[in-house]
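Reading through the structure tokens given below for one structure.
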Number of protein chains: 2
Amino acid sequence: MSTLSPRAGAPRAARRRAAAVGGASVPGPRPVRVALLGCGTVGGGLLTVLERNRADIERKVGRPIDIAHVVVRDAGKPRGPAVPAHLVTTRADQALADPGVDVVVEAMGGTGAALEYILRALRAGKTVVTANKDVMADHGREVWAAAEAGGADVYFEAAVGGGIPIVRALKESLAGNSVRRVAGILNGTTNYMLTRMTRDGSSLEAALAEAQAAGYAEADPSADVDGLDAARKLCILSSIAYSVRCRMADVHVEGIRGVSAADVAYARRMGWTVKLLAISELRDGRVTMRVHPTLVPVAHPLAAVSDAFNAVYVQGDAIGDAMFYGSGAGALPTASAILGDLMDAVRRHGTGVRQTECTCFYRRPFDGIGAVPSRFYVRLLVPDRVGVLAKIAGVFGRSGVSILSVLQGPTLAAPEGPGERSGAAGPVADLIIVTHEVREDRLQRAIAGLRHLEAVAGISAVLRLAPEDL
Amino acid sequence: MSTLSPRAGAPRAARRRAAAVGGASVPGPRPVRVALLGCGTVGGGLLTVLERNRADIERKVGRPIDIAHVVVRDAGKPRGPAVPAHLVTTRADQALADPGVDVVVEAMGGTGAALEYILRALRAGKTVVTANKDVMADHGREVWAAAEAGGADVYFEAAVGGGIPIVRALKESLAGNSVRRVAGILNGTTNYMLTRMTRDGSSLEAALAEAQAAGYAEADPSADVDGLDAARKLCILSSIAYSVRCRMADVHVEGIRGVSAADVAYARRMGWTVKLLAISELRDGRVTMRVHPTLVPVAHPLAAVSDAFNAVYVQGDAIGDAMFYGSGAGALPTASAILGDLMDAVRRHGTGVRQTECTCFYRRPFDGIGAVPSRFYVRLLVPDRVGVLAKIAGVFGRSGVSILSVLQGPTLAAPEGPGERSGAAGPVADLIIVTHEVREDRLQRAIAGLRHLEAVAGISAVLRLAPEDL
């Protein structure tokens with residue numbers, strides 16, 4: 001297709017370009033040609049926004065952007081009006097081998113074919129823009145090696161936090177900082193569930209059903225609910241923040257299955273909101289990474305992140321505290337991130353100036369959760385009689401855990417009805433103990449001690465409070 | 001000074017570089033040389049962070065950064081340990097004329113000499129990084145023309161929102177969006193004051209005194225308190241967001257002098273927090289810009305922005321809602337923004353690849369505040385007797401203003417003691433009327449009508465609620 005002869009079905013940019021140069025011999029700048037791999041929610045969203053805002057987008061980058069191939073699995077599936085039907089193909093090989101393709105946008109997901117195509121494109125010197133967190137978290141090393149080999153750029157803003165521009169912020173805007181902590185609400189499904197539990201007093205099961213009905217949770221919600229999705233995103237962010245390769249094996253991952261409506265309600269009354277936080281820290285040259293339910297003070301900006309929104313809180317030596325908030329998923333927000341990357345790729349294309357490359361140039365030791373100091377919220381089921389607290393306090397004391405505050409259930413009324421109950425051995429009550437900051441391994445020693453205590457009928461919950469300096 | 005012969009007093013980077021290459025003939029990449037104009041809070045902060053994180057910073061950008069001149073007004077003034085004494089000079093001319101200087105960092109402030117130096121540097125083809133909101137808001141056209149003439153880049157992340165990377169987010173990450181609204185808390189001083197009034201019930205005067213004592217407010221706080229500082233920043237952000245040159249003359253500016261502790265307390269009870277918002281919108285191709293105290297729902301992320309923090313809320317067609325939060329001022333946060341810009345400038349230096357240029361390529365009509373629809377909070381002082389409400393409602397009705405809710409003062413108890421009082425003509429009370437959304441000019445007509453009503457003893461406050469779709 002000649003870019004100078006407008007015809008029915010030709011992309012709008014080509015038509016406009018042809019109109020602009022008329023029949024004269026002054027061609028505009030060469031268009032950048034894009035192969036889109038995958039045209040589901042994300043790929044379709046990208047084409048929708050690109051078509052809608054094309055005039056402004058091309059004016060900003062100074063040259064046309066042509067979609068050259070739209071690679072799909074099923075060419076017969078009906079697509080939206082933004083998808084140019086004549087470009088739809090199942091031939092990924094052809095698209096990747098096309099020497100006219102400058103940029104490959106990968107919107108397939110998964111680590112099978114997507115990874116293979118990304119590597120092939122990079123080795124061939126094509127810029128890659130990807131929304132694939134699995135590839136970036138689990139195969140970062142291969143991807144960067146392929147980029148290096150091909151002298152190509154890889155962009156992945158959309159892999160973390162949907163439309164939130166956190167990757168670029170860490171790689172460029174905050175690059176002069178020594179970052180000491182990243183704390184994120186990186187999974188919209190679990191944040192939606194916890195919001196329902198907080199606002200409506202829903203149980204975890206009811207909140208999950210609501211999330212599924214609202215289209216936020218998959219039929220199999222484990223990757224979200226068990227914290228794995230957040231952990232992968234944390235790996236990606238931490239790699240950039242601390243200039244070190246971070247792997248899933250180094251993340252302590254706890255999902256929200258252990259969070260009950262009772263704990264959400266107790267926390268609320270004590271001034272905290274329960275959030276699934278993904279936290280990484282660099283301290284004395286050592287890195288820790290963890291995902292777990294966390295009690296956040298209600299006045300903290302992270303506590304105001306509701307429903308399916310995501311946010312990333314960054315603490316650095318120059319910036320102090322900063323937070324980036326927005327939609328962590330969805331067709332259009334993800335398209336926003338891909339477009340920002342694509343526009344940068346287009347601006348740089350052909351100039352020989354690379355985008356910021358892999359910055360994992362340090363090797364740093366990682367510590368497990370045992371070394372992490374936290375304040376803890378411990379909810380115990382105890383016989384409602386004199387002397388119990390003294391025995392429990394004794395166990396904490398002998399483990400070197402200092403108690404900050406104690407609350408007895410009957411004085412509270414949580415929706416799920418904790419408080420006074422009758423056990424086999426008489427009435428029982430909730431006892432909530434909040435500790436001073438203590439290393440995790442020491443707290444776990446105390447918990448082990450409580451298990452053998454006759455004065456403890458059950459350990460209902462052990463949750464961590466947000467770091468005091470968050 | 002040869003970059004290969006280390007000597008006492010030579011910058012650390014030069015020493016390290018020399019050490020790295022030894023006496024051999026393998027020079028590293030040429031350093032980028034920087035002239036720093038101004039070494040007060042901001043300039044000093046920049047040197048502090050640059051020295052502290054120099055190893056990581058230079059590794060990330062791939063080449064050394066040498067400070068070549070530090071231009072000050074008073075060379076005799078004692079400076080911190082991060083300021084290399086042998087580079088301090090009062091000779092701006094010399095620094096700007098130095099052909100070895102690649103980047104000029106302007107940290108002087110004001111629109112006198114600073115503007116002149118910026119223009120001169122750009123015309124000479126030197127990259128400029130500035131923290132100067134006055135220059136960018138009031139002289140944007142000249143600055144961009146000089147940049148164009150010299151083929152140079154101008155960076156100004158630090159001019160808006162201190163360390164918050166909002167300029168780059170709008171220019172690059174969100175560039176694929178059609179932005180429909182920007183709503184920011186862009187002034188830390190007034191946000192600190194409003195936080196004190198909300199949390200402690202302080203009066204405006206007491207809050208101002210606290211802000212001055214805490215070092216947030218100047219002796220003459222007008223630029224902050226009257227909203228001018230926020231308005232300038234709004235001009236800069238709106239210019240980028242809507243690709244149109246925005247001028248101060250097009251901003252409706254109201255500061256917080258009309259906000260009383262009583263209104264803060266009433267608003268709180270009705271579920272709102274008072275914030276000084278700077279809002280701009282693009283609707284049907286027309287732009288509106290305004291700065292005024294605004295009632296924000298307490299659950300909105302902007303309501304959680306406390307103390308001297310700033311935040312910018314952006315609404316676009318792809319991203320949906322996004323918010324950027326952080327320190328809006330201060331030596332180190334501002335240094336963080338300058339460093340991010342400087343690092344990008346260093347990466348691009350010598351490549352011939354420009355940063356995103358001026359994108360004010362549209363001419364769009366601006367509307368005044370009269371055309372802006374809002375819900376309004378109107379507090380009236382009324383005689384406490386039967387029939388008053390009917391008369392007031394009549395005035396609103398005849399002006400075409402629909403009433404959403406009515407609250408009578410005596411049922412509330414605000415700290416400053418609104419509520420029942422005795423006037424000359426008997427007891428008076430606060431009456432608070434909240435309207436449905438209505439154009440500002442129509443609301444003002446109703447207010448004018450109320451002034452002539454015998455049933456209204458005084459109009460105590462007229463405040464706007466945040467847009468319903470914020």
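Can you find, within the range A:425-446, the residue that is farthest from the chain's Cα centre (by Cα) among those that are over 24 Å from residue A:271 (Cβ atoms) and of a type in the set (A, V, I, L, M)?
Across the range A:425-446, the extreme among qualifying residues is A:425.
Which residue is nearest to residue B:463 (Cα to Cα), if the candidates are limited to the range B:378-393 and must be buried (at least 17 other Cβ atoms within 10 Å of the Cβ) and at pLDDT 95 or above?
B:378
Looking only at the range A:329-359, filter to residues that are part of a loop (DSSP other than H, G, I, E, B) and closer than 26 Å to residue A:218 by Cβ; which one of those is farthest from the other protein chains (Cβ to nearest Cβ)?
A:329
Residue by residue, here is whether (1) part of a helix (DSSP H, G or I); (2) touching a helix residue (DSSP H, G or I) at 6+ places or on another chain (Cβ under 9 Å); (3) assigned by TED's automatic domain parsing to the domain that holds residue B:133 holds:
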{"position": "B:183", "(1), (2), (3)": "no, yes, no"}
{"position": "B:190", "(1), (2), (3)": "yes, yes, no"}
{"position": "B:198", "(1), (2), (3)": "yes, yes, no"}
{"position": "B:218", "(1), (2), (3)": "no, yes, no"}
{"position": "B:231", "(1), (2), (3)": "yes, yes, no"}
{"position": "B:235", "(1), (2), (3)": "yes, yes, no"}
{"position": "B:239", "(1), (2), (3)": "yes, yes, no"}
{"position": "B:249", "(1), (2), (3)": "yes, no, no"}
{"position": "B:252", "(1), (2), (3)": "no, yes, no"}
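For residue A:314, indicate whether it is surrounded by fewer than 24 Cβ atoms within 10 Å (Cβ to Cβ) and either of a type outside the set (Phe, Trp, Tyr) or away from chain B (no Cβ under 11 Å) (or both).
Here the answer is no, as residue A:314 does not meet what is asked.
Looking at B:191, B:177 in this structure, which one is crowded, with 24+ Cβ neighbours inside 10 Å, in contact with a Gly (Cβ under 6 Å, 6 or more places away or on another chain) and within 26 Å of residue B:314 (Cα to Cα)?
Testing whether each residue is crowded, with 24+ Cβ neighbours inside 10 Å, in contact with a Gly (Cβ under 6 Å, 6 or more places away or on another chain) and within 26 Å of residue B:314 (Cα to Cα) leaves just B:177.
Of all residues in the range A:200-217, count the ones that are touching a residue at least 12 places away in the same chain (Cβ under 8 Å) and farther than 16 Å from residue A:254 by Cβ.
Here the count works out to 10.
Looking for something buried (at least 23 other Cβ atoms within 10 Å of the Cβ), in contact with a strand residue (DSSP E or B) (Cβ under 6 Å, 6 or more places away or on another chain) and either within 11 Å of another protein chain (Cβ to nearest Cβ) or at pLDDT below 95 (or both) - is there at least one such residue anywhere in the range B:277-288?
No, because not a single residue in the range B:277-288 is buried (at least 23 other Cβ atoms within 10 Å of the Cβ), in contact with a strand residue (DSSP E or B) (Cβ under 6 Å, 6 or more places away or on another chain) and either within 11 Å of another protein chain (Cβ to nearest Cβ) or at pLDDT below 95 (or both).
Does residue B:307 qualify as being of a type in the set (D, E, K, R), crowded, with 23+ Cβ neighbours inside 10 Å and more than 7 Å from chain A (Cβ to nearest Cβ)?
Criteria not met by residue B:307.
Quick one: residue B:262 ticks every box in (1) closer than 21 Å to residue B:137 by Cβ; (2) surrounded by 21 or more Cβ atoms within 10 Å (Cβ to Cβ); (3) touching an Asp or Glu at 6+ places or on another chain (Cβ under 9 Å) except a single one, so which number is it?
Among (1) closer than 21 Å to residue B:137 by Cβ; (2) surrounded by 21 or more Cβ atoms within 10 Å (Cβ to Cβ); (3) touching an Asp or Glu at 6+ places or on another chain (Cβ under 9 Å), residue B:262 violates only (1).
What's the total number of residues in the range B:273-313 that are aromatic (Phe, Trp, Tyr) and out of contact with any His (no Cβ under 9 Å at 6 or more places or on another chain)?
Total satisfying the criteria: 1.
Name the single residue that is nearest to residue B:177 (Cα to Cα) among those in the range A:159-170 being in a loop (DSSP other than H, G, I, E, B) and within 11 Å of chain B (Cβ to nearest Cβ).
The selected residue is A:163.
In the range A:142-158, which residues are buried (at least 24 other Cβ atoms within 10 Å of the Cβ) and away from every other protein chain (no Cβ under 14 Å)?
A:147, A:154
Between residues in the range A:364-388 that are in contact (Cβ under 8 Å) with a residue 12 or more places away in the chain and residues that are polar (S, T, N, Q), which pairs lie under 6 Å by C-beta distance while being six or more apart or on different chains?
Qualifying pairs under 6 Å: A:367/A:288; A:372/A:288; A:375/A:435; A:376/A:435; A:379/A:460; A:381/A:460.
Could you please give the count of residues in the range B:146-185 that are under 21 Å from residue B:349 (Cα atoms) and among the small types (Gly, Ala, Ser)?
Residues that pass the stated criteria total 7.
Among residues belonging to the range A:255-295 that are touching a Leu at 6+ places or on another chain (Cβ under 9 Å) and among the basic types (Lys, Arg), point out the one that is nearest to residue A:432 (Cα to Cα).
A:269
Matching residues to (1) at pLDDT 95 or above; (2) within 17 Å of residue A:235 (Cβ to Cβ); (3) not charged (D, E, K, R):
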residue	(1), (2), (3)
A:291	yes, yes, yes
A:300	yes, no, yes
A:310	yes, yes, yes
A:320	yes, no, yes
A:330	no, no, yes
A:336	yes, no, yes
A:341	yes, no, no
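Among (1) in contact (Cβ under 8 Å) with a residue 12 or more places away in the chain; (2) buried (at least 21 other Cβ atoms within 10 Å of the Cβ), there is one condition residue B:139 misses while meeting the rest; what is its number?
With (1) in contact (Cβ under 8 Å) with a residue 12 or more places away in the chain; (2) buried (at least 21 other Cβ atoms within 10 Å of the Cβ) applied to residue B:139, the lone miss is (2).
Mind checking whether some residue in the range B:171-181 is within 20 Å of residue B:305 (Cα to Cα) and either touching a Cys at 6+ places or on another chain (Cβ under 7 Å) or within 13 Å of chain A (Cβ to nearest Cβ) (or both)?
The answer is no, given that none of the residues of the range B:171-181 is within 20 Å of residue B:305 (Cα to Cα) and either touching a Cys at 6+ places or on another chain (Cβ under 7 Å) or within 13 Å of chain A (Cβ to nearest Cβ) (or both).
I want to confirm something. Restricting to the range B:289-304 and keeping residues that are of a type in the set (Val, Ile, Thr) and out of contact with any Ser or Thr (no Cβ under 8 Å at 6 or more places or on another chain), which single residue is surrounded by the most Cβ atoms within 10 Å (Cβ to Cβ)?
B:291
Quick one: is residue A:209 over 30 Å from residue B:332 (Cα atoms), in the same structural domain as residue A:317 (by TED's automatic domain parsing) and either touching a Leu at 6+ places or on another chain (Cβ under 6 Å) or modelled with pLDDT under 95 (or both)?
No.
Filter the range B:336-352 down to residues that are surrounded by 15 or more Cβ atoms within 10 Å (Cβ to Cβ) and over 21 Å from residue B:326 (Cβ atoms), then give me how many there are.
Count: 5.
One line per residue, one yes/no per condition, for (1) among the small types (Gly, Ala, Ser); (2) in the same structural domain as residue A:294 (by TED's automatic domain parsing); (3) part of a helix (DSSP H, G or I); (4) at pLDDT 95 or above:
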residue: A:395; (1), (2), (3), (4): no, no, yes, yes
residue: A:401; (1), (2), (3), (4): no, no, no, yes
residue: A:404; (1), (2), (3), (4): no, no, no, yes
residue: A:407; (1), (2), (3), (4): no, no, no, no
residue: A:410; (1), (2), (3), (4): no, no, yes, no
residue: A:414; (1), (2), (3), (4): yes, no, no, no
residue: A:417; (1), (2), (3), (4): yes, no, no, no
residue: A:422; (1), (2), (3), (4): yes, no, no, no
residue: A:434; (1), (2), (3), (4): no, no, no, yes
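Could you pull out every one of the strands (runs of 3 or more DSSP E) wholly within the range B:270-316 that has 3 or more residues that are charged (D, E, K, R)?
Answer list for the range B:270-316: B:272-283.
Using the structure shown, decide if residue B:196 is charged (D, E, K, R), over 19 Å from the mean Cα position of the chain (by Cα) and within 25 Å of residue B:460 (Cβ to Cβ).
Considered against the rule, which asks whether it is charged (D, E, K, R), over 19 Å from the mean Cα position of the chain (by Cα) and within 25 Å of residue B:460 (Cβ to Cβ), residue B:196 comes out as yes.
Could you list, in sequence order, the residues of the range A:64-93 that are modelled with pLDDT under 95 and touching a Lys or Arg at 6+ places or on another chain (Cβ under 9 Å)?
Listed by number, the residues that qualify are A:82, A:85.
The values are calculated or read from the model by the stated rules, or taken from the named source; none is laboratory data. All values derive from a computational prediction rather than experimental measurement. FYI the Cβ positions are ideal-geometry reconstructions off the backbone, even for glycines, and counts take in every protein chain you see.
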